[in-house]
Each structure stands twice: as structure tokens, then as C-alpha cells.
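Colleague: I have a structure here, written as C-alpha cells, and I will follow up with some questions on it.
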Amino acid sequence: MAKEKILWADDEIDLLKPHVMFLKSKGFEVETVTNGRDALDALDSERFDLVILDENMPGISGLEALQRIKIMQPNVPVIMITKSEEENIMNQAIGSEIADYLIKPVNPMQILLSIKKNLHVDELVAVKVTDDYRQQFMTISQMINSAATIDDWYNVYSTLVRWELTLSNTDTNLDELLKMQKVEANNAFAKFVCRNYDKWLTTDQHPLRSNEVFKSTVFPLLDKGKKVCMVVIDNFRLDQWKAISPLLADHFDVQSEQLYTTILPTATQYARNAIFSGLMPIDIAKMFPDLWVDEDEEEGKNVNEAPLVQTLLDRYRRKAHFSYNKVNDSAAGEKLVQNFAMLKNFDLNVLVLNFVDMLSHARTEAKMIRELAKTDEAYRSLTESWFKNSYAIEIFKLMAANGFTVVLTTDHGTIKVDNAIKIIGDRNTNTNLRYKVGKNLSYNAKQVFEIKNPQRVGLPAPNVSSTYVFAMNRDFFAYPNNYNYYVQYYNDTFQHGGISMEEMLVPLVVLTPKQ
């Protein structure tokens, strides 16, 4: 392997020969010059991996040379060394995107550390991450095997997401191993849900559910006199929250961050309506039949969200004035930014941002989006890019500037599916790929979670004999007719409605504006 080449420009280079010899002993090829002009000539004639540049040299100063180096070889890292501790010089150097800034006298180990930080950081981090994950692999497997409560599963999922984000940022070749561990975890989680879901809906022993989000999180903030914005990002997963959270760090402090458990089906019609009404779907259908839309009706399943919020406030005798805004595209988002001052007139503002849901559907239907969001990492990256470069970040900045406390959450997550299982239903069966509801369903009961008494777990039954069945892990439903077409079309797409950690264990975050 060729030695890495370093150019060191310093008018006192003769006094630094011991440093140069030390670097050579560490395997680097070091070329030295005594002024900025010679440094630029050297860079013009050959390629270097890194430049060490003295700030105070006769003729062309270090700062002047730095500006020209950034034009000649913008990607070469530059370490600037100076005797001066003046802040303005430091600011100029940092503003010119130097790799590091050292103040004389420097010792050889300081120089070596800075070089390693800039030339070998990816390799060193990858080695450390690889070692750490391999040590943690058995621990995580034990966590999965011993998980007995929903808090255990929150911990398992959070740990897996943390490692997913860590491995995606390093070149370790451990992604497939982590995917296998997530499949193992989702298999165990699905069994856990199957064993406990009935109890969660029929006893007081249950995790925080969709219909309890307002009561547990929003109402206490209103009771403290806070102006609250509740933001629901449809189809928003824990890993996506972790991806965008650094973008909010300059504007908000995280007051609390937790996971809650969505109800089944993990779909807008059920989970989001449960959030806004504070009721289980069957109770919405009974108490407010004009606000509930059955599966077989053509009307949109989320068209009554504002009235549902009003019923919730009325039921708890809350006098809070609220606004409701749903943002389906950039035009609506930009309009909300322009008219944001209106939101200051309300105690509670409910915002629904639909981009992530639209992205998941577009990925299924549009070949170009499917290529752009080929993996979970790419899907997460697209979410981050949207948030950073769209109306979304502007809305959050305005909420912070106007002193709003923000409750950020979602109705459900989504999972990338890759295993088709067969199901047969009549023409009235719903079209969702992760859950089915109907009266004449035919399926392999060992492959699904079935609910034959929907009313018992808070779900309306379109017919007396209606059954709900849910796909688990990375499975999706396909009909026997045109089976191969459906498998090819929907394989490796992001879907929701069923049982997985990604769909059911979702973020609930409270953000307070920075003072």
C-alpha cells in the first residue's frame, strides 16, 4: 500500500525536523517547504493527502495560501498551525473549513493525532464499531429472548435502531447481520403481541396506546398554561425521528422522549382517528357514527379529524380553542408558513404532515422513488432531506420562535416487506397489504394474527362474522390470482397496517423552545 503523502509548509521547518522524522517513522511520506509560494507550487505539480500549513510565513501568508489551496484541491484536509492566539485569525481559518487548528508549540503526538483524525478516522471508527457491535450481538440476542414486557421491547427496539444508525454511518459490512437480528426481534415481538394484545384492550394492564396520547401528553401541558402545537407526521418511525432530531437541536430542547404502542390496525383510519378522538375505533363508530367511515365506503378515512378533536375536548370539558391544519404538499406547507401568525390565537394547534406517508406510497408506485429509497437507510435519508429543505423545518423554527411547546408524534410506522403470504377474500375485502378484514377470508392461521371477535379489542365489525387478520414481521398479503405479479410489484416496498416494531413502537416527543 502506497504511503500517504503530507506537505508541511513552515518557515521554521528546520526546527521541526524531529517532528518530520517522527511522522516518517509512522509510515508517512513528508515533503517540506518554507513558504506559501512553494507550497502552492508543490500542490500544483503533485497530489498530497494532507497539508500542514503555518499561519505566519513571509510572502504569502498561511491564510492566503489556505484560500488558494481550497480552490486548487478543495478536498485535501489542511491542518493550520500558528503561534497566534488571536480569535480573529482562528475564526478566519475555521471559516475557510480547515481540518484542524493547532497552536505552537506542538508536540509530535499532537500532529499525529490530528493526521489520524483526518486521514484514518473512518477506518478507526469502523474497527471500533465492528468490535463494539460484535461484543453487543449476544447481549442484544439475550435481550430479545428475555423480553417479557412492553418496556423490554421499547429497549430492544431502541437499541436496534441505535445500532442501525451507527452501522449506516460506518463501513463495517455488518448491515446484513443487524437485519437478521431485527428479523429475529420482530418474530419474537409478533409472538409477544399475539399473546398480550387481548389483555391490553380488555384490562388496565396495557402500554400507552393511540387513544391515550392526548390525555397523557397534551392535556397536562395545556393544564400548565403552555401554548401547544401537536404535530403528527404520518408514517414516522423512530429511526426517522433520530435522523431529523439534530436539525431541531438549535431551536428546541427535548423535554421528554418515549415510545408508545399503536393500536391495530396500524393504519390511519384506526390509529390516527384513535389519537384525535381519544377513543377506540368501535367507540367512535358507536358514539359518532357520522364521523366514522367503514372499510367498504369510498369516502376518505381521515376526513373527520378536526371534528374528532372537538369531540375529545368536549368530552373532557376542555375550553381550549384549537386549530387544525393538514399539510399534503409544499404549497399547503408554504401557505401555513406565511399565515403562521394565526396559530398564536389558539391554545392548541394540531398539524398533520403527510410527506412521509406520501413518500412510502410513491416508493411503491414510482420506479424513480423506488430507486431513491432502495433501503431503510435511503428512506431515512430522504425523510431527513425533506425535513431539512422544505416547509417542515420552517414551521418548526416558527413554533420555537413563538414559544410553542411541541408534541411530535405519529399514528404508526412502516416496514419494508419482502415475503408474500396467500390470502383469499371476497370483493368487499379491504386492499391493505398488511391487514385484512372480511367475512369470508381464507388463510393459513399459523402465518397471521387473527382477531375473530373484533368488538372485544375495540374494533368495529362491518359484518357479524367479520374477522381481522394481520401480517407480521416482513410479510404481506397477496391473492392467489395474479400472485406472481403482486409479489413482484410489492416486494421490497414500505407498508403498514400489521405487526412489527417499526409499525407499532413509535416516537412521542415533547420539545420546548430554547431560551
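Colleague: Please work out which one of (1) out of contact with any strand residue (DSSP E or B) (no Cβ under 6 Å at 6 or more places or on another chain); (2) assigned to a helix (DSSP H, G or I) is the condition N302 fails and give its number.
Modeller: Exception for N302: condition (2).
Colleague: Determine whether A331 is modelled with pLDDT of 90 or more, part of a helix (DSSP H, G or I) and more than 26 Å from the chain's Cα centre (by Cα).
Modeller: Considered against the rule, which asks whether it is modelled with pLDDT of 90 or more, part of a helix (DSSP H, G or I) and more than 26 Å from the chain's Cα centre (by Cα), A331 comes out as no.
Colleague: Among the residues of the stretch 246-279, write down those that are in contact (Cβ under 8 Å) with a residue 12 or more places away in the chain and small (G, A, S).
Modeller: S256, A267, A271, A274, S277, G278
Colleague: Here's something else I'd like to know. Looking at this structure, is K422 touching a residue at least 24 places away in the same chain (Cβ under 8 Å), among the charged types (D, E, K, R), out of contact with any helix residue (DSSP H, G or I) (no Cβ under 6 Å at 6 or more places or on another chain) and surrounded by fewer than 17 Cβ atoms within 10 Å (Cβ to Cβ)?
Modeller: Here the answer is yes, as K422 does meet what is asked.
Colleague: In the list V51, V30, which residue meets the criterion of being under 45 Å from the mean Cα position of the chain (by Cα), surrounded by 15 or more Cβ atoms within 10 Å (Cβ to Cβ) and in contact (Cβ under 8 Å) with a residue 40 or more places away in the chain?
Modeller: V51
Colleague: Would you mind telling me which numbered condition in (1) surrounded by fewer than 23 Cβ atoms within 10 Å (Cβ to Cβ); (2) within 23 Å of the chain's Cα centre (by Cα) V457 fails?
Modeller: (2)
Colleague: Condition (residue is under 23 Å from F340 (Cβ atoms), under 23 Å from the mean Cα position of the chain (by Cα) and not hydroxyl-bearing (S, T, Y)) applied to the stretch 257-268: is it met by at least one residue?
Modeller: Checking the stretch 257-268: not a single residue is under 23 Å from F340 (Cβ atoms), under 23 Å from the mean Cα position of the chain (by Cα) and not hydroxyl-bearing (S, T, Y).
Colleague: Could you please find all residues in the stretch 500-515 being surrounded by fewer than 24 Cβ atoms within 10 Å (Cβ to Cβ) and of a type in the set (S, T, Y)?
Modeller: Listed by number, the list holds a single entry, T512.
Table: residues versus (1) of a type in the set (A, V, I, L, M); (2) at pLDDT below 90.
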site	(1), (2)
M21	yes, no
S25	no, no
R37	no, no
R47	no, no
M57	yes, yes
G62	no, yes
V78	yes, no
K83	no, yes
M90	yes, yes
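Colleague: Could you run through the stretch 419-465 and say how many residues are outside any strand (DSSP E or B), under 23 Å from A188 (Cα atoms) and basic (K, R)?
Modeller: 3
Colleague: Wholly within the stretch 472-515, which strands (runs of 3 or more DSSP E) include no fewer than the required count, namely at least 1 residues that are under 19 Å from S210 (Cβ atoms)?
Modeller: 493-495, 505-513
The values are calculated or read from the model by the stated rules, or taken from the named source; none is laboratory data. Model, not experiment: these values are computed from the prediction. Don't worry about glycine lacking a Cβ; one is built from the backbone with ideal geometry, like all the others, and counts go over all protein chains shown.
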